[in-house]
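Data block below; observations after.
The values are calculated or read from the model by the stated rules, or taken from the named source; none is laboratory data. Because the structure is a prediction, the values reported are computed rather than measured. All Cβ positions, even for glycine, are placed from backbone atoms using ideal geometry, and neighbour counts span all protein chains on display. Side chains included, ligands, DNA and RNA excluded: accessible areas come from the protein's heavy atoms. Shrake-Rupley method; radii C 1.70, N 1.55, O 1.52, S 1.80 Å.
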Amino acid sequence: MLKQVMLEAVGNLLASRQRSILALVGIMVGAGAVIAMLAVGGIARNETLRQFRQMGTDTLLLRAESANGLGTLPQAVLEELPRTLPEVRQIAPFILGGGNAGHEGQVRSGTFLGVTEQFAAVARLTLAEGRFLSRHDRFEPFVVLGAGMARELSTPYARVRVGSQIRVGRYVFTVIGVLAESLQSPMMPADANQALFFSLANARRVISSPQLSWAVARLAPEADADAAAERIRAALAPAMREQSVQVQSARALIAGMQGQMRLFTLLLGAVGSIALVLGGVGVMNIMLVSIQERRREIGLRLAIGARRRDISTLFLAEAATLSVLGGVLGIGLGVAGALAFARMSGWAFSLSPEAIPVGAGVSVAVGVFFGFYPAVMASRLDPIVALRTE
Amino acid sequence: MLELEAISRSFRVGPAETQVLRGISLTLAAGEMASIMGGSGSGKTTLMNIIGLLDRPSEGAYRIRGEDVLAARPDALSGLRNRLIGFVFQSYLLLPRLNAWRNVALPLMYRGVAEGEARRRACEMLERVGLSHRTEHFPPQLSGGQRQRVAIARALVGEPAVLLADEPTGALDPTTSQEIMDLFLEMNAALGVLVLIITHDPGVAAQCRRRLVLEGGALAHDSARVPAPC
Ligand SMILES: Nc1ncnc2c1ncn2[C@@H]1O[C@H](COP(=O)(O)OP(=O)(O)OP(=O)(O)O)[C@@H](O)[C@H]1O
Ligand SMILES: [Mg+2]
């Protein structure tokens, strides 16, 4: 009996091919959208988490603020913090600015960072060649370049490498290191790839109105970020006078972004759901038309002994077939969509584990839900009215 | 076998109520071969629908084998139709996407008979109606006479007690029409099934032992009660 029901369902769907395909496309797009949305949400979430892992969730960013913009951090007090506060492992103050850098006639604008020797470790920067600035070359004309900046300043004849000369304003600096390519941290105010790193003393020369407004800190592994931020602020307060210090923790940022991501995923899911509902209405529509066209058949089946339940099963089987098929195609579509998104964004493709079951389950549920009303309607037909239909 | 007592049926169309059947009392015995004639709109199909448990009378009583069937619920009526009654329609009403044997087997499927057994019985019945070579054909590939044979096989496969045919030869040429009529007579004799044929063809009616005539919703003539004029 079940075999015959499925056989007939498939036969009937094939008989009204155009309508079936329309409903199928509706369900497919709906399921695909839901799956793609969930997958894209997952990919984006993974990507931000990866960025944070790169930067470290144990990172704090400090910014001095005064009444008229950025303020100045007390460098001496700051550099004492790892010794005075057990929560702080390392701290690296920096000056942020920008300007043009030239090499062999190539000129590019970049970010200028005036840093101490701790900066590479605290910001988790790795070198592709050479070395980072050290304590001993504070007053030497040395520069370290981000990977992107080094690439852009290179000419076909002269690649920027250790020993290359970089002109910044009236000064010429010697390249002592080039960084490896790194992901931009959502925490940092600048992209290390497009930066030139100077010692603090040199930065004060090449940056107009230089101010030591920023610092990045690494916390001890078990430290509580919020408590540490509070203690740092308290420790700096006496030396800050009118100014204040903003402390941003990676954890708080992650929490915020995760909330945003959830909202984003939810929103995308809602879009997918709307598509699914449209698909469901499509299923309902073709079922209603199909029932209208097959009234005499329904009448005949009732006459030869079909019970109401047999009639509703017949139409539910059609709705279920459509939605299962649509769901399967939708999985393909959704995964393909997520893959395309991953390729375009350059982010790592991953399929969140709930994407396929949720997408497929929802599509089948929608199909059956919308198929239910027409099926019940068909089963309630009065046999003589159905048989009299022309 | 079938007892109808003062059956009336009226339909409500808008504000007006039209009485289609007026106080029909009729008893049909098992194994009878009867015809119903009557002008268009005289209520023949309506009467057949009531006898076939597809419709309920507005008034009156209806018993099958002494059992009141008007009290039954829709699904119970489906069961009664499935076991007791076979239908043949003027327009065959075969399902175009099922082949001949699957069409014939349909009543058995609704009875829960396993597919193999249903197929065997359907093919047997197709053989009896002379279509053993057409079991795999689909309705659109069959002639009108052959389709009506498939429909008769479907009506009889469940071994019903009653076979109701509404103008079964109405769409067929005289030769084919006679072949179908012969088949009804043969099945009536061989299976002992009560056959009730609605027809506009006096030639068809004449071949039935009992002849009924409806006029304006009332039974105007019953050959079993009034001796036929010589
Ligand atoms: N469901 C219904 N609603 C309203 N009127 C109906 C309904 N069914 C039948 N009638 C009316 O009942 C009358 C008898 O109809 P019925 O189909 O029984 O006639 P018939 O004798 O079978 O005619 P024919 O020989 O043309 O088939 C007709 O006037 C028809 O309009
Ligand atoms: Mg009629």
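Is at least one residue of the range B:128-138 surrounded by fewer than 23 Cβ atoms within 10 Å (Cβ to Cβ) and either within 14 Å of chain A (Cβ to nearest Cβ) or within 16 Å of ligand 1 (Cβ to nearest atom) (or both)?
Yes, the range B:128-138 contains a residue that is surrounded by fewer than 23 Cβ atoms within 10 Å (Cβ to Cβ) and either within 14 Å of chain A (Cβ to nearest Cβ) or within 16 Å of ligand 1 (Cβ to nearest atom) (or both).
Can you tell me which residue within the range B:157-172, out of those that are surrounded by fewer than 23 Cβ atoms within 10 Å (Cβ to Cβ) and hydrophobic (A, V, I, L, M, F, W, C), is nearest to the chain's Cα centre (by Cα)?
Result: B:Ala161.
Name the residue that is surrounded by the most Cβ atoms within 10 Å (Cβ to Cβ), counting only residues in the range A:231-262 that are aliphatic (A, V, I, L, M) and modelled with pLDDT under 80. Lay out the reasoning, then the answer.
Step one: list which residues in the range A:231-262 are aliphatic (A, V, I, L, M), which gives A:232, A:234-237, A:239-240, A:245, A:247, A:250, A:252-255, A:257, A:261.
With modelled with pLDDT under 80 added as a condition, the list becomes A:250, A:252-255, A:257, A:261.
Working: A:Ala250: 22, A:Ala252: 14, A:Leu253: 19, A:Ile254: 18, A:Ala255: 11, A:Met257: 18, A:Met261: 19.
If we take residues in the range A:231-262 being aliphatic (A, V, I, L, M) and modelled with pLDDT under 80, then A:Ala250 is surrounded by the most Cβ atoms within 10 Å (Cβ to Cβ).
Give me a count of the residues in the range B:22-44 that are farther than 20 Å from B:Gln207 by Cα and near ligand 2 (Cβ under 10 Å from one of its atoms).
4
Condition check ((1) within 16 Å of ligand 2 (Cβ to nearest atom); (2) among the polar types (S, T, N, Q); (3) buried (at least 23 other Cβ atoms within 10 Å of the Cβ)) across all residues:
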residue: A:Ser312; (1), (2), (3): no, yes, no
residue: A:Val324; (1), (2), (3): no, no, no
residue: A:Ala342; (1), (2), (3): no, no, no
residue: A:Glu390; (1), (2), (3): yes, no, no
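For B:Val88, which of the numbered conditions (1) open to solvent by less than 60 Å² (accessible area, probe 1.4 Å); (2) away from every other protein chain (no Cβ under 13 Å); (3) under 22 Å from B:Glu167 (Cα atoms) fails to hold?
Answer for B:Val88: the failing condition is (2).
Within the range B:43-70, restricting attention to residues that are within 13 Å of another protein chain (Cβ to nearest Cβ) and open to solvent by 40 Å² or more (accessible area, probe 1.4 Å), which residue is farthest from ligand 1 (Cβ to nearest atom)?
The extreme case among them is B:Arg56.
Could you please find all residues in the range B:187-230 being of a type in the set (S, T, N, Q) and either within 26 Å of B:Ser10 (Cα to Cα) or modelled with pLDDT under 90 (or both)? Full working, then the answer.
Filtering the range B:187-230 for residues of a type in the set (S, T, N, Q) gives B:188, B:199, B:207, B:223.
Scanning the range B:187-230 gives B:Thr199, B:Ser223.
How do the helices (runs of 4 or more DSSP H) wholly within the range A:73-179 filter down when requiring 1 or more residues that are closer than 14 Å to A:Ala192 by Cα and open to solvent by less than 20 Å² (accessible area, probe 1.4 Å): which remain?
A:119-122, A:147-153
Every residue, every condition in (1) more than 16 Å from ligand 2 (Cβ to nearest atom); (2) within 14 Å of chain A (Cβ to nearest Cβ); (3) open to solvent by 50 Å² or more (accessible area, probe 1.4 Å), yes or no:
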residue: B:Pro174; (1), (2), (3): yes, no, yes
residue: B:Phe184; (1), (2), (3): yes, no, no
residue: B:Met187; (1), (2), (3): yes, no, no
residue: B:Ala190; (1), (2), (3): yes, no, yes
residue: B:Val195; (1), (2), (3): yes, no, no
residue: B:Asp201; (1), (2), (3): no, no, yes
residue: B:Arg210; (1), (2), (3): yes, no, no
residue: B:Glu215; (1), (2), (3): no, no, yes
residue: B:Ala224; (1), (2), (3): yes, no, yes
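Please enumerate the residues belonging to the range B:112-155 that are within 19 Å of the chain's Cα centre (by Cα) and either on the phi > 0 side of the Ramachandran plot or not in a helix (DSSP H, G or I) (or both). Lay out the reasoning, then the answer.
Quick first cut of the range B:112-155, residues within 19 Å of the chain's Cα centre (by Cα) only: B:122, B:125-126, B:128-129, B:144-155.
B:Val129, the sole residue that qualifies.
Restricting attention to the range A:9-57, report how many residues are within 13 Å of chain B (Cβ to nearest Cβ) and crowded, with 18+ Cβ neighbours inside 10 Å.
Number satisfying all stated conditions: 3.
Confirm whether B:Phe11 is open to solvent by 50 Å² or more (accessible area, probe 1.4 Å) and closer than 30 Å to B:Asp201 by Cβ.
Working: open to solvent by 50 Å² or more (accessible area, probe 1.4 Å): yes; closer than 30 Å to B:Asp201 by Cβ: yes.
In short, yes.
Please enumerate the residues belonging to the range B:21-42 that are closer than 21 Å to B:Val69 by Cα and within 16 Å of ligand 1 (Cβ to nearest atom). Give the steps one after another, and end with the answer.
At the first step, the residues of the range B:21-42 found to be closer than 21 Å to B:Val69 by Cα are B:21-32.
Hits for the range B:21-42 are B:Leu21, B:Arg22, B:Gly23, B:Ile24, B:Leu26.
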